[in-house]
Ligand code: GUN
């Protein structure tokens with residue numbers, strides 16, 4: 001890669017380190033005020049990739065000064081046992097963020113579990129109150145991967161108003177919240193999916209292209225308008241030349257000559273997801289302190305006047 005090409009790379013590792021630094025500074029202030037932000041991570045079963053993700057989350061929390069609590073449950077745990085665990089964490093005022101690592105074992109209803117988390121502690125932003133709030137433009141806890149993509153875009157482009165953003169993929173975790181965040185930033189937004197007609201022609205209108213389909217190297221030069229900024233959310237493990245490689249949803253080598261900026265895989269969006277999780281935990285802790293103060297003020301007014 002020549003210098004001109006390497007200038008196009010959006011360094012997610014550096015951006016994530018910057019976010020963690022900002023979060024660590026906020027945590028230090030909160031601790032001085034007597035509030036220690038805490039994140040509970042619940043891992044059910046023995047999916048090896050989930051174990052790696054959870055370990056990284058716990059390590060990153062420590063780095064930011066956030067207290068992390070890890071709860072492991074057997075793969076055959078009942079849904080009731082999981083819900084009981086969540087109820088305990090919801091009720092614990094020392095816990096500010098709750099994350100249940102996905103995917104869950106097949107016998108547990110994911111929706112039921114995500115809906116059981118107190119929306120104020122839902123640092124994944126997956127509870128329907130937070131999903132609805134995001135779509136209404138309320139300041140709610142927002143899914144970490146799309147929030148990380150927004151931070152990368154703003155760092156690179158500044159104001160996004162009026163830009164045409166195309167999101168490829170419509171998952172609940174990335175595609176849909178991504179579209180909502182881009183709309184909230186005053187972009188014109190197109191969402192493409194497996195039933196879209198002429199997706200490449202639509203994608204070639206994009207100033208900003210977000211690839212979140214989970215298909216290795218699906219997006220090649222035919223999808224790109226010259227000068228576009230490309231954010232590749234895909235993390236796909238493939239076997240190539242006798243070894244395992246991580247590749248994105250974008251065919252990096254094919255699009256690089258065309259784009260004005262692009263996230264690599266690995267080292268692009270991936271590190272941002274965890275950094276934004278830490279940011280959400282601090283936001284949740286602050287918000288809960290505010291709500292607790294408002295409740296106690298209400299109670300004391302009530303005591304004196306009711
Ligand atoms: N598994 C893969 N991505 C995620 C995520 O963003 N949150 C949770 N809870 N589990 C995941």
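Every number here is computed from the coordinates shown, using simple stated rules; none is lab data. Computed from a predicted structure; not experimentally measured. Methodologically, a virtual Cβ is constructed for each residue, glycine included, from the backbone with ideal geometry; neighbour enumeration extends over all protein chains shown.
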Response to the item:
Taking r as the C-beta separation of residue 188 and residue 13 and R0 as 35 Å, the FRET efficiency to the nearest 0.05 is 0.70
Practice prompt. Go ahead and set up a Gaussian network model of the chain, Cα springs under 10 Å, then flag whichever of 33, 21, 239 fluctuates most.
Written response: 239
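Would you please calculate the Kirkwood hydrodynamic radius of segment 1-119 over all C-alpha pairs and express it in Å, rounded to one decimal? Walk me through the numbers before you get to the answer.
Values: mean 1/r = 0.0614 Å⁻¹.
Every distinct Cα pair counted, the radius reaches 16.3 Å.
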Discussion item. Once you order the gyration tensor axes a ≥ b ≥ c over the Cα atoms, which shape class does segment 1-47 get: rounded for a/c under 1.5, otherwise prolate or oblate by comparing a/b with b/c?
Written reply: oblate
Worksheet item: Taking the Cα atoms only, what angle lies between the long axis of helix 144-157 and the longest principal axis of the chain, rounded to 10 degrees?
Response: 50
Discussion item. Stokes-Einstein diffusion coefficient for segment 205-306 at 37 °C in a medium of 0.692 mPa s, Rh from the Kirkwood formula over Cα pairs: what value in µm²/s?
Written reply: 196
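Over the chain, what relative contact order in percent results from Cα pairs under 8 Å that are six or more residues apart?
Values: 556 pairs, mean separation 62.7, N = 306.
Relative contact order of the chain: 21 percent.
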Worksheet item: Relative to the longest principal Cα axis of the chain, at what angle does helix 48-64 sit, 0 to 90 degrees, rounded to 10?
Response: 70
Discussion item. Compute the distance from the alpha-carbon center of segment 103-120 to that of segment 132-176, in whole Å.
Written reply: 23
Worksheet item: Highest GNM mean-square fluctuation, the chain, Cα pairs closer than 10 Å: which of 88, 132, 267?
Response: 88
Response to the item:
Inter-part gap, Cα centre of segment 207-237 to Cα centre of segment 243-282, in whole angstrom, is 10
Worksheet item: Angle between the Cα long axis of helix 175-184 and the longest principal axis of the chain, 0 to 90 degrees, nearest 10?
Response: 90
Item to complete: Can you tell me how much longer the chain between residue 198 and residue 286 gets when fully stretched, taken as 0.36 nm per residue apart minus their C-alpha distance, in nm with one decimal?
Response: 27.1 nm
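So for the chain, what percent of the C-alpha to C-alpha distances run longer than 24 Å? Show your work: numbers first, answer last.
On the way: 26006 of 46665 pairs.
Percentage above 24 Å: 56.
Just check segment 139-296 against the gyration tensor rule for me: Cα atoms, a ≥ b ≥ c as the square roots of the eigenvalues, rounded for a/c under 1.5, and otherwise prolate or oblate depending on whether a/b exceeds b/c. Walk me through the numbers on the way to the answer.
Values: a/c = 2.21, a/b = 1.57, b/c = 1.40.
It is prolate, given that a/c is not under 1.5 and a/b is the larger ratio.
Quick check: residue separation of residue 56 and residue 239 times 0.36 nm, minus the Cα distance between them. What number comes out in nm?
Details: separation 183, 0.36 × 183 = 65.88 nm, distance 2.39 nm.
Separation in residues times 0.36 nm, less the Cα-Cα distance, equals 63.5 nm.
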Discussion item. Cut-off 10 angstrom, C-alpha nodes, Gaussian network model of the chain. Which of 260, 296, 196 fluctuates the most?
Written reply: 296
Worksheet item: Roughly how many nanometres apart are two label points built 7 Å out from the Cα toward the Cβ at residue 138 and residue 205?
Response: 3.2
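Sort 114-127, 37-50 for me by packing, meaning the mean count of neighbouring Cβ atoms within 10 Å per residue, highest on top.
Values: 114-127: 21.9, 37-50: 19.3.
Going by the mean number of other Cβ atoms within 10 Å, highest first, we get 114-127, 37-50.
What shape does segment 166-218 have by the C-alpha gyration tensor, where a ≥ b ≥ c are the square roots of the eigenvalues, rounded means a/c under 1.5, and otherwise prolate means a/b greater than b/c and oblate the rest? Intermediate results must be reported in sequence, preceding the final value.
On the way: a/c = 1.81, a/b = 1.20, b/c = 1.51.
Here segment 166-218 falls in the oblate category.
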